[in-house]
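K.L.:
Dropping a structure here in structure tokens format, bear with me for questions.
The values are calculated or read from the model by the stated rules, or taken from the named source; none is laboratory data. The shown structure was predicted, so the numbers you read here are calculated from the model rather than taken from an experiment. Note that we place each Cβ from the backbone using ideal geometry, even for glycine, and neighbour counts take in every protein chain shown.
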């Protein structure tokens, strides 16, 4: 028996972009667009009415920006997943959306296949962090990180590895940069996933960023 498709609400002010997204999502048997909106207030109303599995939100919306829409949508329904569409240079907005509760990030300039992957990952309860956006986030956090009083469950080495993951580095790159074996990196990542109750390395990075651990 086929699984029930995950429902999607698209909130995007550019009609051509919205149409392209809908076409791409309509081609996926596991995703179904149930509503569209072209500004923040109508997007919030659509999310409240349809209670989708995932809301795809553009950061640069008229009437209410994507950060505020994310915050209000999550307050109204903590279970709704949020996939953000953004452009690479909106550093402040990306960090703000992360704090507001966004689960996935994709660049508008990315191939549609990658954006669909971000939406699907969020809908399935995971986290998607485009490597290019990860670099932006890490630059921003690195310039404004404050010392946190909350103890971290991570060792210094695990924290170092997780920062590299959030910066878009692969396992082999991490091993080379830290002068350790690939198996050692994988072992550390297994420990990180367990400590943060994360399903994958990307979700671990997002969780750690939200908690101020990296």
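K.L.:
Taking the condition closer than 16 Å to residue 121 by Cβ and touching a helix residue (DSSP H, G or I) at 6+ places or on another chain (Cβ under 6 Å), does residue 31 pass?
P.N.:
Yes.
K.L.:
Moving on to the next point. Mind checking which residues of segment 97-116 are buried (at least 22 other Cβ atoms within 10 Å of the Cβ) and in a strand (DSSP E or B)?
P.N.:
Within segment 97-116, 104, 105, 106 qualify.
K.L.:
Could you give every pair whose Cβ atoms fall below 6 Å, whose first residue belongs to segment 9-25 and is closer than 19 Å to residue 63 by Cβ, and whose second residue is in a helix (DSSP H, G or I) and modelled with pLDDT under 95, counting only separations of at least 6 or pairs across chains?
P.N.:
As it stands, the answer is 10/18; 10/21; 12/18, since those pairs meet every condition given.
K.L.:
If we keep just the residues of segment 1-21 that are modelled with pLDDT of 95 or more and within 20 Å of residue 113 (Cβ to Cβ), which is surrounded by the fewest Cβ atoms within 10 Å (Cβ to Cβ)?
P.N.:
12
K.L.:
Just to be sure I understand, how many residues within segment 32-76 are buried (at least 24 other Cβ atoms within 10 Å of the Cβ), within 14 Å of residue 103 (Cα to Cα) and without any contact (Cβ under 8 Å) to a residue 40 or more places away in the chain?
P.N.:
3
K.L.:
Now for a separate question. Only one of 165, 180, 192 is in contact with a helix residue (DSSP H, G or I) (Cβ under 6 Å, 6 or more places away or on another chain) and at pLDDT 90 or above; which?
P.N.:
Of the residues listed, the single one that is in contact with a helix residue (DSSP H, G or I) (Cβ under 6 Å, 6 or more places away or on another chain) and at pLDDT 90 or above is 192.
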